[in-house]
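Peer 1: Handing you this structure, nothing more for now.
Every number in this text was worked out from the coordinates using simple rules, so none of it is lab data. Given the structure is predicted, the values throughout are model-derived calculations rather than measurements. So basically every Cβ, Gly included, is an ideal-geometry build from the backbone, and we count neighbours across all protein chains shown.
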Amino acid sequence: MIRNIALIDCNNFYVSCERIFRPDLQKTPVVVLSNNDGCVVSRSNEAKELGVKMGQPWFECRALSEKHNILALSSNYPLYADISNRVMNILRSYSPIHQVYSIDECFIDLTGISKTREISYQIRERVIKWTGIPVCIGIGPTKTLAKLANFIAKKHPKSKGVFNYNDLSKIQQQKILNCIPVNKVWGVGHRLSTQLKESGINTVEDLKTAHIPTLRKKFSVVMEKTQRELQGVTCFNLEDITPNKKQIISSRSFGKSVSNINTLKDAVCTFVSNATEKLRSQKSHASVIHVFLKTNRFKVDQPQHMPSLAIRLPQPTNSSLTINRWSNHLLKKIFRPEYSYKKAGIILCEISDIHSQQVDWIESATSGDSKLMTTLDRLNQRFGRGTIKISAQGFYKEWKMKQERKSPSYTTDWNSIPRV
DNA sequence: TCTCCGATTAGAC
DNA sequence: CTAACGGTCTAATCGGAGA
């Protein structure tokens, strides 16, 4: 039996989230910027039409934006996460087999359900009605083909937001795959598509029908799996449980360059709070800590320094206090006062489950932080992130991000809702 | 020569 | 006025060190 895998993808997600609370922006060009108001990470259709590129540095668009009055907003991640949850809750209700793939995408298995097309239109209508977010739906026998179908649904207005690859005849399937360039395939990015083209593989159909041994020789196993998926054979399953993270990174570019160690300590302390909170929320411990610094790689004329250092702890931990002490130690070792740093971060790895941890009764005294951490997480969850901080955090603020275009936190902060 | 492991690469969004 | 360019995550593969 041919499976009906549906991929539901929100249109221009961050921009659509912003528009929920600004209906006046419905037909106007809008973009959402990355941290530090650096690059464009979401564009409305109008902004796309004006030629704003995905990932483009915002300062490069300035002339264009002034000419056409493009509205640029700083990103507001708590808002997007909240809206995403609402959308996903609706989608989940349509099938017990589902996978939330990213903040704006979800696979659901509609195999065995009759009237797939009608159901798909119902999903679209319900999501827009209940959340205000427009979505497109692609259906195919595998995840890779569902992704491709979604691409077609997005691109062709005629599809009205739904495209079912399984509805096509073999001839029609071949015809359409012949029209789509390989780089649209899930897993084929910029580099691989260039290499594929060198081998004469230009379209999706070319990849689907390419000679496997040749393909395998030149590319990795992933390419082979991708090809099988294009042929309709499942290689990537729907994973309904999200596995725990194997590494947790917290890093940020600074609003301006920093050469003061105290400011860096402050930033690192915030990264530690951030990362350990995630660590604790998945009930894990980490054994290895990396700390790194980076100068501004775009300033070619300035001396570059990108040091990094790691340490393995004698005992896995999730205490922000313990991890902060070690991070500071590492930071002091790699820091050079003669450089101006633009970015810093920490990486927690060798992450293990709390229960699988070996109990060392000699060291067990050090886990006395755990009750404190639980309390800290509860308070921060209840009264807002940053209510309780480590004392080393928050005094030297010069590193903080630039966010000059942020919309109010409509769904996560009562005070930002306008009073009537 | 083999194995292990950290570093690098490529991709997604 | 000028300068301004993201963050997290995974898997596969590479390449050097040591067995």
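Peer 1: When the dipole is taken about the Cα centre of segment A:277-358, and only Lys, Arg (+1) and Asp, Glu (-1) are charged at their Cβ, what size is it in debye, to the nearest 20?
Peer 2: The dipole magnitude comes to about 220 debye.
Peer 1: Got a sec to turn the phi values of segment A:100-114 into Karplus ³J(HN,Hα) couplings, 6.51 cos²θ - 1.76 cosθ + 1.60 with θ = phi - 60°, whole Hz, x for Gly and Pro?
Peer 2: Those phi angles translate into 6, 8, 7, 4, 10, 9, 8, 8, 10, 8, 9, 4, x, 8, 7 Hz.
Peer 1: Please work out whether segment A:223-369 counts as rounded, prolate or oblate from its C-alpha gyration tensor, where a ≥ b ≥ c are the square roots of the eigenvalues and a/c under 1.5 means rounded, while otherwise a/b larger than b/c means prolate and anything else oblate? Let's see the in-between values first.
Peer 2: On the way: a/c = 2.72, a/b = 1.19, b/c = 2.29.
Note, shape of segment A:223-369 comes out oblate.
Peer 1: I would also like to ask the following. With the contact rule set at Cα under 8 Å and sequence spacing of 6 or more, what percent relative contact order holds for segment A:120-267?
Peer 2: Values: 151 pairs, mean separation 27.6, N = 148.
Computed value for segment A:120-267: 19 percent relative contact order.
Peer 1: Is the shape of segment A:1-75 best called rounded, prolate or oblate, per the rule: a/c under 1.5 gives rounded, else a/b larger than b/c gives prolate, else oblate, with a ≥ b ≥ c the square roots of the Cα gyration tensor eigenvalues? Let's see the in-between values first.
Peer 2: Working: a/c = 2.20, a/b = 1.83, b/c = 1.20.
Verdict is prolate for segment A:1-75.
Peer 1: Can you tell me which of A:343-350, A:118-125 comes out highest on packing, and rank the rest after it, using the mean Cβ neighbours within 10 Å? Before the final figure, lay out the partial values.
Peer 2: Working: A:343-350: 21.5, A:118-125: 17.1.
Sorting A:343-350, A:118-125 by mean packing, highest first, produces A:343-350, A:118-125.
Peer 1: Take the Cβ-Cβ distance between residue A:305 and residue A:45 as r, set R0 to 60 Å, and report the resulting FRET efficiency rounded to the nearest 0.05.
Peer 2: It comes to 0.90.
Peer 1: If you take the beta carbon distance between residue A:130 and residue A:283 as r and set R0 to 45 Å, what does 1/(1 + (r/R0)^6) give as a FRET efficiency, to the nearest 0.05?
Peer 2: Details: r = 32 Å, r/R0 = 0.71.
It comes to 0.90.
Peer 1: Counting other beta carbons within 10 Å of each residue's own, what order do A:411, A:209, A:375 fall into, fewest first?
Peer 2: Numbers: A:411 20, A:209 14, A:375 11.
Fewest-to-most ranking of A:411, A:209, A:375: A:375, A:209, A:411.
Peer 1: Taking the Cα centre of chain A as the origin and placing charges on Cβ (Lys, Arg +1; Asp, Glu -1), which of A:304, A:59, A:262 is farthest toward the positive end of the dipole?
Peer 2: A:59
Peer 1: Please express the shape of chain A as an equivalent ellipsoid: the semi-axes are the square roots of 5 times the eigenvalues of the C-alpha gyration tensor, given largest first in whole angstrom.
Peer 2: Working: eigenvalues 318, 147, 123 Å².
For chain A, the semi-axes come out at 40, 27, 25 Å.
Peer 1: Another question about this same structure. Among the listed pairs A:184/A:256; A:27/A:129; A:67/A:158; A:154/A:208; A:184/A:400; A:27/A:406, which have their C-alpha atoms separated by more than 28 angstrom in this model? Could you put the intermediate results ahead of the total?
Peer 2: On the way: A:184/A:256 37 Å; A:27/A:129 18 Å; A:67/A:158 31 Å; A:154/A:208 22 Å; A:184/A:400 37 Å; A:27/A:406 20 Å.
Pairs exceeding 28 Å: A:184/A:256; A:67/A:158; A:184/A:400.
Peer 1: Something else: Going by how many other Cβ atoms sit within 10 Å of their own, how do A:98, A:190, A:68, A:329 line up, fewest first?
Peer 2: Values: A:98 20, A:190 8, A:68 16, A:329 13.
Neighbour counts put them in this order, fewest first: A:190, A:329, A:68, A:98.
Peer 1: Let's test the formula: R0 of 35 Å, r as the Cβ-Cβ distance of residue A:20 and residue A:321. What FRET efficiency results, to the nearest 0.05?
Peer 2: Values: r = 40 Å, r/R0 = 1.13.
The value I calculate is 0.30.
Peer 1: Would you mind pulling out the separation of the Cα centroids of segment A:15-62 and segment A:99-123, in Å?
Peer 2: 27
Peer 1: Charges at C-beta only: +1 for Lys and Arg, -1 for Asp and Glu. How large is the resulting dipole of segment A:230-300 about its Cα centre, in Debye rounded to 20?
Peer 2: Computed about the Cα centre, the dipole is about 380 debye.
Peer 1: Work through the residues other than residue A:121 whose Cβ is under 15 Å from its Cβ and net out their charges, Lys, Arg +1 and Asp, Glu -1. Please report the intermediate quantities before stating the final value.
Peer 2: On the way: positive: A:115, A:117, A:124, A:126, A:129, A:158, A:160; negative: A:118, A:125, A:167.
Residues close to residue A:121 contribute a combined charge of +4.
Peer 1: Now a separate question. Less than 12 Å Cβ to Cβ from residue A:275, Lys/Arg counted +1 and Asp/Glu -1: what total charge do the surrounding residues give? Please report the intermediate quantities before stating the final value.
Peer 2: Details: positive: A:245, A:252, A:278, A:280; negative: A:277.
Computed value for this residue: +3.
Peer 1: Something else: Just want to confirm a number: the relative contact order over chain A, from Cα pairs under 8 angstrom separated by 6+ residues, in percent.
Peer 2: About 17 percent, as a whole number.
Peer 1: Work out the length of the dipole vector of chain A about its Cα centre, built from +1 on the beta-carbon of each Lys and Arg and -1 on the beta-carbon of each Asp and Glu, and round it to the nearest 20 debye. Don't skip to the end; give the middle numbers.
Peer 2: Values: 62 positive and 35 negative charges, 111 e Å.
Result for chain A is approximately 540 debye, rounded to the nearest 20.
Peer 1: A further question on this structure: How tilted is helix A:77-92 with respect to the longest principal axis of chain A? Cα atoms for both, answer in degrees (0 to 90, nearest 10).
Peer 2: Between helix and principal axis, roughly 40 degrees.
Peer 1: Counting pairs of alpha carbon atoms under 8 Å apart in space and at least six apart in sequence, what relative contact order in percent does segment A:1-108 give?
Peer 2: On the way: 141 pairs, mean separation 32.5, N = 108.
Reported as a whole number, the value is 30 percent.
Peer 1: Picking from A:307, A:23, A:141, which is most flexible by a Gaussian network model of chain A using Cα springs under 10 Å?
Peer 2: A:23
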